[in-house]
Amino acid sequence: MIGFLQNIGRTALSFLAAIGRITLFTVNAVRWTFLPPYYLKQFFRQVLDIGYFSLPVVGLTTLFSGMVLALQSYTGFARFSAEDTVATVVVLSVTRELGPVLAGLMVAGRIGASMAAEIGTMRVTDQIDALDTLSTRPMQYLVAPRILAGTICLPFLVLVGDLIGVFGGYIVGVYRLGFNPSIYLSRTLEYLEFSDVTMGLIKAAVFGFLIALMGCYHGYHSGNGAEGVGRATTNAVVSSSILILISNYLVTALFFG
Amino acid sequence: MAKKTQTGSSTAVPKIEMQGVMKSFGGKHVLRGIDLILNAEESVTLIGTSGCGKSITLKCLLGLITADSGSIKVDGTEILGTDRTTLEAMRRRFGMTFQFGALFDSLPIWENVTFRLRHQQKMNRTDARDLAVDTITQLGLSPQVIDQYPAELSGGMQKRVALARAIADKPEILLFDEPTSGLDPITGGVIDRLIIDAVKRLGATAMTISHDMASVRRIADKVAMIHNGVIIWCGPVAEMDETGIPEVDQFVHGRAEGPLTTAAKEEARRG
Ligand SMILES: Nc1ncnc2c1ncn2[C@@H]1O[C@H](COP(=O)(O)OP(=O)(O)OP(=O)(O)O)[C@@H](O)[C@H]1O
Ligand SMILES: [Mg+2]
């Protein structure tokens, strides 16, 4: 019985310790982002990696999601003769929900994993200690550029993804479901509000921040050896994906109504 | 020169003074009270069996790992438990090589070598490249190497680049973690020469970890041996052979049988 309680206590304590570590890491990372020196070269390297090289993945994902969304909503709405809402449903779902979440999850797999692996390798091979020795703060040199780039690039990626997703819906709507192109387009724009797009972009910024934060945090605290780096990578992807889904609800609820 | 007169009046203050430094990892006591004094322009070599805590000692000295207790002073200033600014200012006076190189994979050799000069002192590109060529040719590497990346070099070459990075901006205190292991004897000799030079000519203070007794005899003024988390012997290199301490004797003469091996076997038996 005592042993059982001890176990619960220990788990609770280590959980709280982890929360404390992550909070401290976050505060530090954000603080160092705004203090000089700024490592612009590192920042632009990350922008290229996150913003540019993720375009194909995000583009393909949103394209096919837009396409399937058009088909599925047509099936549904045809049952109560509301087929002409397809264009509106596609554009609202893509901008408010699917664009940010799908792009976020894809980038979490791509960027979160590579950040954790890169920083984790630097940890286990003493490169992070070497940075400290050479009078460069790892938080500023490694973490800050990644977090800033993640937060800035994700909204851009999502904006491009939104356009491609809506285009996917248009292709299916016009060529498969036989909508009139100009009517489909005007339906797309008719009920779309500015706030639908901005809400998606705010979500994207939050997701980008979380992905980079988790990638850096897990890499920075990576255990020893190849095994430690492997675990850091997995943890980065899993934790950022979960955080994306949770924060997605929170942001939506915040703007609801 | 100015430095000389300054330290002349205060010869009593050692360059580095470690007292009762302890460090444990999750109940495993690695350092149990390291006491070590290093005077300016002295070269000390740390010896001891594998896993005894030599690398940890160097990392504690730089604050890369925070020691649990004790005192670490550099020029009389306490650095254990001090604020970040003091620690960073202190680190600027150090150069260190790590046991496994720790070169930055994503940067070419010349940027590795001149990392601190580029970022701290804003040295321009041309000067930095010239300096990188100067430094690595001293270590017997060809100038073409500067545009390659660490992964393209052999282990021994990486080791020399790491050494070049540590000495490029001529720090006052140099820490070398096994600088010659994995090198051929000729290059090892070149590196020993370089460490001696740095101490004698630049007036640096050096702490080197080494397993190679021939090289220890060449580079060290003083030798300190770590065993069971404490320094069991520290003295001039000339007295290393007649300490009368069985552990030191066994280590220095590389004998397979002796108290070190018996202790290791005991520990293995106990699990
Ligand atoms: N991060 C860590 N977590 C737990 N234990 C550690 C850690 N780092 C080092 N140790 C332990 O501390 C001890 C001393 O390690 P250290 O690297 O200082 O050895 P060393 O004397 O440099 O050995 P070698 O000559 O093989 O390099 C080892 O037994 C090691 O297992
Ligand atoms: Mg070591």
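No lab work stands behind these numbers, since they all come straight from the coordinates. Bear in mind the structure is a predicted one, so any value in this text is a computation, not a measurement. All Cβ positions, glycine included, derive from the backbone under ideal geometry; neighbour counts span all protein chains shown.
The table below gives the values:
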read-out	value
Ranking of B:119, B:227 by count of other Cβ atoms within 10 Å, fewest first	B:119, B:227
For segment B:58-166, convex hull of alpha carbons as volume per residue, Å³	116
Gap separating the Cα centres of segment B:161-215 and segment A:118-153, nearest whole Å	27
Segment B:1-152: relative contact order as a whole-number percent, Cα under 8 Å and 6+ apart	18
Computed FRET value (nearest 0.05) for residue B:107 with residue A:13, which takes r as the C-beta separation and R₀ as 41 Å	0.50
Integer Hz, Karplus 6.51/-1.76/1.60 couplings in order for segment A:12-18, x for Gly and Pro	4, 5, 5, 5, 4, 4, 5
Distance in nm between pseudo-label sites at residue B:257 and residue B:127 (7 Å out along the Cβ direction from Cα)	6.2
Rounded, prolate or oblate (a/c below 1.5 giving rounded, otherwise prolate when a/b exceeds b/c) for segment A:102-184 by Cα gyration tensor	prolate
Unit charges at the beta carbon, dipole of the protein assembly as shown: most positive-side option, B:253, B:174, B:126	B:126
Taking B:239, B:257 and counting other C-beta atoms within 10 Å, the order from fewest to most	B:257, B:239
Crossing angle, helix A:144-171 versus chain A [Cα axis fit, 0-90 degrees, rounded to tens]	20
Length-normalised contact order for chain B - Cα pairs under 8 Å, 6+ apart - percent	23
Net dipole in debye of segment A:39-254 [+1 Lys, Arg Cβ; -1 Asp, Glu Cβ; about Cα centre; nearest 20]	120
Evaluated over chain B, the Cα radius of gyration and Dmax, each in Å	19.0, 60
C-alpha center-to-center spacing [segment A:202-257, segment A:1-21] in angstrom	23
Volume in Å³ per residue [convex hull over Cα atoms, computed for chain A]	173
Between segment B:11-34 and segment A:75-98, the Cα center-to-center distance that results, in Å	69
Inter-label distance, nm, simple model (7 Å from Cα along the C-beta direction), residue B:197/residue B:138	0.6
Net charge of Cβ neighbours under 12 Å - reference residue A:229; Lys, Arg +1; Asp, Glu -1	0
Shape of the protein assembly as shown, Cα gyration tensor, a/c cut at 1.5	prolate
Rough spin-label spacing in nm, given labels placed 7 Å along Cα→Cβ, for residue A:45 and residue A:255	3.4
Sorted by Cβ density within 10 Å, fewest first, the residues B:54, B:170	B:170, B:54
